[in-house]
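Worksheet: one structure, shown below.
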Amino acid sequence: MSDDHLDDVAAQCASLQEDEITVLEAIYPSLITVHPNPDDKPGRLLTLTLPITLPTPHQIQLDTSTGPSASLELSHLPSLTLRLLLPKRYPMVEPAKPISLRAGLPSGDKLGNWLPRTKLRSIQDKLLEMWEEEREICGGEGQGVGVIWKWWEWIGNGDFLTDLGMFNGPILELSVPPMLTPSTFHTMLKTYNASQLHSDFEKTAFSCSICLENRKGKSCVQIPGCGCVFCTPCLSSCWSLAITEGSLENVSCPSVSCTKQRALRDRGESGGENETDGEMVESVVGKELRERWEDVKEKRKAEIDPLYTICPRPTCQAAVPPPPPPKSNSITFNPTFTSRVIRLSDLSTTTSTSSTSTNGSTDVDTDRDTISVSPSIPTEDRWVRHRTCPKCSYSFCLYCNATWHGPHTPCAFPQTSLIVSEYLNYPEGSEGRRRMEIKRGKVNLERMVRQYLEDEANKSWLENKTSPCSGCGVRVEKSHGCNHMICGRCNAHFCYRCGGSINPKDPYKHFNTPGRSCYQKLFDQEEIDRFEREAHGVGGAAVGGGHEDEWREFRGIWEW
């Protein structure tokens, strides 16, 4: 072959190389590097960074020397780094020569590969075979074409994984590098996959269904679950208004299809879930509105679930869940236990018929000596009233909302009366009563109602039948006699009718002052009538006796 012909081939190869490199740099500007050649050596040295993007997400199984350890779903695998030399007569006569191939770990560690070395050598051998196949297709020697693009497609689409036999059915099997633990390798792959998905999303243009404008993914938000995409300003305005108004159901995907699914789900029909998390809400509306969203969400949970309650502290107001159910191995009260009660009358009236035999044994006549056993006595678990706020760690009583007073101390009357009043205001069998019974327990509420009614009856009796002392406030009941009272506790003088204080030096001035409500009311009318009935009864029983003067004396005291 003449020198002129060789020069022509070299010139054509240089032109083909230049065209191939230009195309690759235009498509992958940051993934191809042409190294400088200051000594003007023959050929060109390239470094290709080949990202691997699987056509569809695949299940990946991580294998160790002891067997499979974990699995995950990936659509991106760490890149391969290929360094190759383009000879002077590539691609027409000579193939591109792979110098090195690495499968670097996502962490950037240069000392390890996520693919075994045997697999990497097999990939290099396959690359040379592909050039030979292309040359044969084009007509044999001297008819080679550029093959770097085909190499890139073969590796970038993950086709090499199938050719190397790394698939076991639909599952891709990867060996855990010896220097890594399975959990570390699992985390590396999962993190890399997430970063690549985010990078792909930012580079893609999407149409916002609110403002109907096309925007790059870096200016958009994708709703998890449904996958709908909206531009950040539109979604921020929508969610901010919903959070400000307390409409939690609107802090979700605002698309027409997803809104229709939520409406169907509210009517009991099937529909997909479309939940948002706190991090996404904060990225859209900011930290302040996220905190408000979480507070309203917790309160809504307490409104929907009757087992939840609200922390009574005004500065907290968080939703407090019910206590966890007791574990199977914990000690709990067994309601089947019974209490044995022995009556003293039985012990005093029964005669022991037990007799001791010569060998020391005792026989008991069970027909005459009986022990009465009371029925099962249910015991209330008062610890069910105890609640602890998960946000501020405040311990309080579920019934009275006061600071936890222990299982043996009863709730304060005012708080209990509010709960009972709310319960009684609901009609019997209503939904409000049912929710309160679920939240606080039906037996507990019935007990509180009985106690409340008894306390109300006592309170009414005290108000109608007693009068408070003007000095110490103790309630005093008058059985009979005048309305001038002397407290047995503080020796204060007061009027039983009006409760006013009376001067001990002139106690009856209070009843002789015109204009007072107690004027001439030292004795009540029913008291006078009772004494008159008794006096007439005494006079009729002893006619002509000596009781007339005594009655006249009492009469004078009443009139006075």
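The values are calculated or read from the model by the stated rules, or taken from the named source; none is laboratory data. Here the structure is a predicted model, which is why all the values come from computation and not from measurement. As a convention, Cβ positions derive from the backbone with ideal geometry for all residues, glycine included, and neighbour counts pool all protein chains shown. All accessible areas refer to the heavy atoms of the entire protein, side chains included, with ligands and DNA or RNA removed. Shrake-Rupley method; radii C 1.70, N 1.55, O 1.52, S 1.80 Å.
Computed values, structure above
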read-out: Full-extension gain in nm, Val9 to Asn168, via 0.36 nm per residue minus C-alpha separation; value: 52.7 nm
read-out: Extension gain (nm, one decimal) between Glu18 and His536, 0.36 nm per residue minus Cα-Cα; value: 172.5 nm
read-out: With all protein chains modelled, accessible area of Arg434 [1.4 Å, Å²]; value: 110
read-out: 1.4 Å probe accessible area per residue over region 76-185, in Å²; value: 48
read-out: FRET E, pair Glu526, Leu424, Förster distance 45 Å, beta-carbon r, rounded to 0.05; value: 0.80
read-out: Förster radius 56 Å - calculated FRET efficiency between Ser395 and Ser65 (Cβ-Cβ, nearest 0.05); value: 0.60
read-out: Residue list for region 297-318, given a label point 7 angstrom along the Cα-to-Cβ vector of Asp455 and an amide N cut-off under 20 Å; value: 312
read-out: Within-12-Å neighbourhood charge of Arg292 [Cβ basis; K, R +1; D, E -1]; value: -3
read-out: Net lengthening on full extension, Glu129/Asp40 (0.36 nm per residue, minus Cα-Cα); value: 29.1 nm
read-out: Solvent-accessible area of Leu16 with every protein chain in place, 1.4 Å probe, in Å² to the nearest 10; value: 70
read-out: Test item: Cα-centred dipole of region 377-488, Lys/Arg +1 and Asp/Glu -1 on Cβ, debye; value: 320
read-out: About the Cα centre, charge dipole magnitude for region 119-208 (Lys/Arg +1, Asp/Glu -1 at Cβ), debye; value: 480
read-out: Nitroxide proxy distance, nm - points 7 Å out along Cα→Cβ at Asp277 and Ala205; value: 3.1
read-out: Local electrostatic count, Glu133, Cβ distance below 12 Å [Lys/Arg +1, Asp/Glu -1]; value: -1
